[in-house]
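The values are calculated or read from the model by the stated rules, or taken from the named source; none is laboratory data. Note that the coordinates shown come from a computational prediction; the quantities given were computed from them, not determined experimentally. Cβ sites come from the backbone with ideal geometry, for glycine too, and all protein chains shown count toward neighbours. The protein model used for the area step is the full one, side chains on, heavy atoms only, and it has no ligands, DNA or RNA in it. Shrake-Rupley method; radii C 1.70, N 1.55, O 1.52, S 1.80 Å.
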Amino acid sequence: MTPMTDTTTTRAAHVAPSTMRAIVQDAYGAPELLRLGRIDRPTITPDEVMVRVHAAGLDRGTWHLMTGRPYLMRVIGFGFRRPKNRVPGLDVAGTVVEVGSAVTRFAVGDEVFGMSRGAFAEYAAAREDKLAHKPEVLTFEQAAVVPISAITAHQALRDRGRIEVGQRVLIIGASGGVGSYAVQLAKALGAEVTGVASTPKLDLVRSLGAAHVVDYTREDFADGRDRYDLILDIGGNATLRRLRRALSRRGTLVIVGGENGGRVTGGFGRQLRAVALSPFLRQRLVMQATEERASDLAPITHLIEAGLLRPSLEDTYPLEQVTEALRHLEAGRVRGKLAITV
């Protein structure tokens with residue numbers, strides 16, 4: 001017998017298949033541990049929707065969740081011995097095929113983007129408060145690479161950095177996922193932007209709106225010649241002492257990430273030291289902990305539709321080539337973002 005849909009809890013477009021194709025991860029480790037399999041389709045709670053995934057975003061956060069490093073991540077709830085969620089992927093763009101009984105903002109057939117559980121699959125469950133309607137000017141692939149990276153950049157600049165019109169802003173890691181949005185957002189908010197990147201990526205940073213660029217393979221942003229009101233360090237490895245040399249006397253440093261620091265704490269160690277040191281300084285040293293909120297997608301959508309913000313999508317990979325996409329990301333060659341098509 002065909003199972004009946006309980007209309008008191010969900011509203012569905014059709015009877016969806018009970019299984020789906022998905023990337024499955026049963027242990028922490030290298031990209032080769034990921035496999036394409038067929039698993040049960042997820043179920044949704046009253047405050048969730050089911051999304052037929054058309055594209056998913058790929059970023060450094062997915063890489064950290066795949067490797068389980070730094071180990072601190074496992075302690076704070078991502079799964080100690082193995083990933084808590086077997087299907088990786090957070091950023092999602094697709095079409096709503098089922099809605100929970102408490103959902104009011106979306107209906108079956110709506111095109112959405114945002115954050116989900118297990119986006120590297122044909123179907124993904126997502127909370128209503130982590131989704132927004134997809135901007136009409138974007139493809140699904142473009143929309144999929146917006147949510148986490150753009151929200152992180154926006155919160156780092158507006159909430160943690162307290163950016164003001166006319167400020168001089170330095171963005172370290174300006175060619176990456178978060179950095180490519182940070183450059184555009186800082187410019188849209190009235191700042192004079194300097195972007196730090198490697199030689200092959202300087203043209204991208206300029207095209208995103210940076211007034212100045214620094215090639216970190218040839219120049220030192222902390223050589224004392226320039227001081228900045230706000231510095232965003234995105235995935236960098238500079239010491240706090242060096243970062244402070246580039247900061248104005250009452251400037252703000254926001255540490256968004258870091259790839260050094262060992263297997264246990266990774267970049268978190270540097271962030272925690274910055275927070276501990278800040279009360280004793282005139283300068284503000286803060287860390288960015290991204291909150292996944294659909295409300296933050298509203299101003300981002302407005303800027304996208306106004307032509308002031310655009311996703312920097314380097315390439316797309318089909319679902320069965322997720323391993324290759326992760327290797328490309330791991331090598332540090334990505335300019336902007338990568339998307340997975342489903």
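Starting from the 7 Å offset along Cα-to-Cβ, what nm value, one decimal, do you get for the label separation of residue 248 and residue 289?
2.9
Between residue 52 and residue 21, what is the label-point separation in nm under the 7 Å Cα-to-beta-carbon projection?
Result for the modelled spin labels: 1.5 nm.
Quick check on packing: order 288-295, 86-93 by the mean number of other C-beta atoms within 10 Å, highest mean leading.
Highest to lowest by the protection proxy: 86-93, 288-295.
How much length would be gained if the chain were fully extended between residue 165 and residue 188, taking 0.36 nm per residue of separation minus their Cα-Cα distance, in nm to one decimal?
Net length gain for the segment: 7.3 nm.
Could you state the accessible area per residue of the range 122-162 in Å², with a 1.4 Å probe and every protein chain left in place?
34
Dipole size in debye (nearest 20) for the chain around its Cα centre, Lys and Arg Cβ +1, Asp and Glu Cβ -1?
1460
What is the sum of charges around residue 51, taking Lys and Arg as +1, Asp and Glu as -1, for the other residues whose C-beta is under 12 Å from the C-beta of residue 51?
The answer is -1.
If you roll a 1.4 angstrom probe over the protein chains with everything in place, what fraction of the accessible area of the chain belongs to carbon and sulfur, to the nearest %?
Taking all protein chains in place, the chain shows 52 percent carbon and sulfur surface.
For the chain, please report how many Lys pairs fall under 24 Å Cα to Cα, leaving out neighbours fewer than 8 apart on the same chain.
7
For the chain, what is the calculated [θ] at 222 nm in deg cm²/dmol (nearest 500), taking -39500 (n - 2.57) for each run of four or more DSSP H residues and dividing by its residue count?
For the chain, the value works out to -6000 deg cm²/dmol.
First check a/c for the range 276-342, with a ≥ b ≥ c the square roots of the eigenvalues of its C-alpha gyration tensor; if it is under 1.5, answer rounded, and if not, answer prolate when a/b is larger than b/c or oblate otherwise.
Oblate, because a/c is 1.5 or more while a/b does not exceed b/c.
Using only alpha carbons, build the gyration tensor for the range 100-176 and give me the equivalent ellipsoid semi-axes, biggest first, whole Å.
30, 15, 12
Rounded, prolate or oblate: pick one for the range 93-144, where a ≥ b ≥ c are the square roots of the eigenvalues of its C-alpha gyration tensor, a/c under 1.5 means rounded, and failing that, prolate if a/b is larger than b/c, else oblate.
oblate
For the ranges 164-176, 274-286, 21-33, 188-200, what's the packing order if you count other beta-carbon atoms within 10 Å of each residue, average per peptide, and put the highest first?
The packing order, highest mean first, is 164-176, 188-200, 21-33, 274-286.
Would you mind computing Rg(Cα) / (2.2 N^0.38 Å) for the range 153-279, counting N as its residues?
0.97
What is the Cα convex hull volume of the chain when expressed per residue in Å³?
For the chain, the hull spanned by Cα atoms encloses 131 Å³ per residue.
Net charge near residue 242: determine it from the other residues with C-beta under 15 Å of the C-beta of residue 242, scoring Lys and Arg +1 and Asp and Glu -1.
The answer is +2.
With each pseudo-label sitting 7 Å past Cα toward Cβ, what's the residue 38-residue 241 distance in nm, one decimal?
So the two model labels end up 6.0 nm from each other.
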